[in-house]
Amino acid sequence: MSIDTATARKVAKLARIRVEEADLPKLAEQLSGILGFMEQLNEVDVTGIEPMVSVTPMRLARRADVVSDGNIQAQILANAPDAREGFFAVPKVVE
Amino acid sequence: MTNPNQLTIAAARDALRKGELSAVDLTMSCLTAMDAGDDLNAFVHKTPDIALTQARAADVRLKAGGAPDLCGIPLGIKDLFCTKGVASQAASHILAGFKPEYESTVTTKLFDAGAVMLGKLNMDEFAMGSSNETSCYGDVINPWKIDDRKLTPGGSSGGSAAAVAADLCLGATGTDTGGSIRQPAAFTGITGIKPTYGRVSRWGIVAFASSLDQAGPMTKSVRDAAIFLGAMCGYDAKDSTSANIPVPDFEAALTGDIRGKKIGIPKEYRMDGMPAEIEALWQNGIAMMKDAGAVIVDISLPHTKYALPAYYVIAPAEASSNLARYDGVRYGHRAKLAAGDGITEMYEKTRAEGFGPEVQRRIMVGTYVLSAGFYDAYYNRARKVRALIKRDFELVFDAGIDAILTPATPSSAFGLGEMASADPVEMYLNDVFTVTVNLAGLPGVAVPVGLDAKGLPLGLQLIGRPWDEAGLLNHAYVLEQAAGFVAKPAKWW
């Protein structure tokens, strides 16, 4: 599968990574190379094989659905680039 | 005692317990070596104050008697581990300024055992790389040098490998998603083990590909790996994939007796174009195991060739999901916005500025293989192939194989920048012998076995049964004793 610049633009958008228009052809070429490498997987007969969900044959642990933590607002916000009045602050969202 | 920083963990432990050495003196020796090793660019956040506080506390515990093995042992911690109040950036600009409010389970366990943290170690950004050239802190330099070139220590745990090989610390934590402990260990002539998936808690370790990531020790000897691993692992309720099974005494398992054990030699690991030196090293290793009384068995792992392409679907897919959290809202870098920019521009500019090119590439590959219309063709197919790769191993272990011996890397360390113009896929080939182990969730260890004609270290890999790190380390111990690898890099830094 070869990736064109339109697809590269779409993937960058989905990934929320800004890519300059001039850089899209090179990105498309690199993604094509990597995806070409993955094409080898088509040689494998996977009939009747279930996709692996867990590498160890154990069930994910369950826990009681209870509050085990809290009242640490200052810690939660300590690393925020912008926090105001106890909240994370982001640019205004107008839909 | 002169230069105690050059001791193994085992030797330092014994000297500390006998009172021949204090934890403070040992730590001072490592801090001096660390500062003198700045040219290697291995340590990126130094914590001498924490180290000395921990060392003083360790001396009190040692004096009282009954201190754990790691009490007073100075270690380096990979930048991927969250350490409370200490920068933990995963070598990425996007986590610039991030100081966790909590301590990872692994470092908590190490500190509870009395270990001393010297500082945080360089790595490839988000552990994505095989040469430590994708770090926001710049390249790590391999202490091994044969001409005027600077060589890679491998990656992603390149800072850990360089620091241990250069005696800046006694051991270091690493993490391994596709070979990131074993390949740098092989490139620097040290020992590195990736445990069975679920053996070591991933809580507080910055996630790359959650179904593949495992932390492990990087050390100067197999015995040190056994001691260090014992202190790192164990059940942790905070990691839902942590295995609730007992942790054996790994050091006690080092009997040196592997008589009658069956060692599998997989024919698919004999790659086209593999250097004659690697083949010769492998044959030497086979002879060593045979001399020790093991039975050598030719085996087949037929889906080996599909491991790398499957890995480069699954790991980026998981990474694209894990790294979605870096959005400039809760921690780390946020881009400066232009007038009129909204939240989407904030995300896009922040992520473009914060992530390096290789990380961006992998996020986008992952986004693509998970996107509507391609999920089945790429992601689900890769997960099916992964199931087949795991089955290959199950079949040989069911047939009575105790461990599998392979080369660790397809070459010795290469020069920094030498792969710069290469296709990304060429760099990925570094992981060809190690990546199967992550896909199958197995334990694997790299042991230094010899030098190549240029004078650079080469390692072999042993792969064990699930949860049999004890048996695996004993096999590695036999290989280590037989190989008698004692070479150290000549100090130039």
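Per-structure values
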{"quantity": "Residues of the stretch B:26-40 satisfying the condition of being surrounded by 15 or more Cβ atoms within 10 Å (Cβ to Cβ) and more than 18 Å from residue B:86 (Cα to Cα)", "calculated": "B:26, B:27, B:28, B:29, B:30, B:33, B:37, B:40"}
{"quantity": "Enumerated helices (runs of 4 or more DSSP H) restricted to the stretch B:1-114, each holding at least 3 residues that are in contact with a strand residue (DSSP E or B) (Cβ under 8 Å, 6 or more places away or on another chain) and under 24 Å from residue B:221 (Cα atoms)", "calculated": "B:23-36, B:48-64, B:105-112"}
{"quantity": "Selection from the stretch A:73-88 of residues that are outside any helix (DSSP H, G or I) and closer than 10 Å to residue B:101 by Cα", "calculated": "A:78, A:79"}
{"quantity": "Residue check, residue B:458 more than 14 Å from chain A (Cβ to nearest Cβ), in a helix (DSSP H, G or I) and touching a Leu at 6+ places or on another chain (Cβ under 8 Å)", "calculated": "no"}
{"quantity": "Single residue of B:351, B:361 found to be part of a helix (DSSP H, G or I) and either in contact with a Pro (Cβ under 7 Å, 6 or more places away or on another chain) or at pLDDT below 95 (or both)", "calculated": "B:361"}
{"quantity": "All positions within the stretch B:288-314 that are among the β-branched types (Val, Ile, Thr) and not in a helix (DSSP H, G or I)", "calculated": "B:295, B:296, B:297, B:299"}
{"quantity": "Filtered residue count, the stretch B:219-237, keeping only those that are among the acidic types (Asp, Glu) and part of a helix (DSSP H, G or I)", "calculated": "1"}
{"quantity": "Test result for residue B:279, touching a Pro at 6+ places or on another chain (Cβ under 9 Å), in a helix (DSSP H, G or I) and of a type in the set (D, E, K, R)", "calculated": "yes"}
{"quantity": "Odd one out for residue B:96, checked against (1) closer than 26 Å to residue B:426 by Cβ; (2) among the aliphatic types (A, V, I, L, M); (3) within 14 Å of chain A (Cβ to nearest Cβ)", "calculated": "(1)"}
{"quantity": "The stretch B:44-61: number of residues that are within 18 Å of residue B:21 (Cβ to Cβ) and either touching a residue at least 12 places away in the same chain (Cβ under 8 Å) or buried (at least 17 other Cβ atoms within 10 Å of the Cβ) (or both)", "calculated": "9"}
{"quantity": "Filter result for residue A:22 (surrounded by fewer than 10 Cβ atoms within 10 Å (Cβ to Cβ) and assigned to a helix (DSSP H, G or I))", "calculated": "yes"}
{"quantity": "Residue identified as in contact (Cβ under 8 Å) with a residue 12 or more places away in the chain and either touching a helix residue (DSSP H, G or I) at 6+ places or on another chain (Cβ under 8 Å) or assigned to a loop (DSSP other than H, G, I, E, B) (or both) among A:56, A:7", "calculated": "A:7"}
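Table: residues versus (1) without any contact (Cβ under 8 Å) to a residue 24 or more places away in the chain; (2) within 22 Å of residue B:144 (Cα to Cα); (3) in contact with a strand residue (DSSP E or B) (Cβ under 8 Å, 6 or more places away or on another chain).
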| residue | (1), (2), (3) |
| --- | --- |
| B:393 | no, no, yes |
| B:397 | no, no, no |
| B:407 | no, yes, yes |
| B:437 | no, no, yes |
| B:463 | no, no, yes |
| B:470 | no, no, no |
| B:490 | no, yes, no |
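Residue by residue, here is whether (1) more than 8 Å from chain B (Cβ to nearest Cβ); (2) part of a helix (DSSP H, G or I); (3) among the aromatic types (Phe, Trp, Tyr) holds:
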residue	(1), (2), (3)
A:42	no, yes, no
A:47	yes, no, no
A:52	no, no, no
A:62	yes, no, no
A:65	yes, no, no
A:70	yes, no, no
A:92	no, no, no
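The values are calculated or read from the model by the stated rules, or taken from the named source; none is laboratory data. Not measured: the values here are computed from a predicted model. Counting neighbours? That spans all protein chains shown, and the Cβs are built from the backbone with ideal geometry, glycine included.
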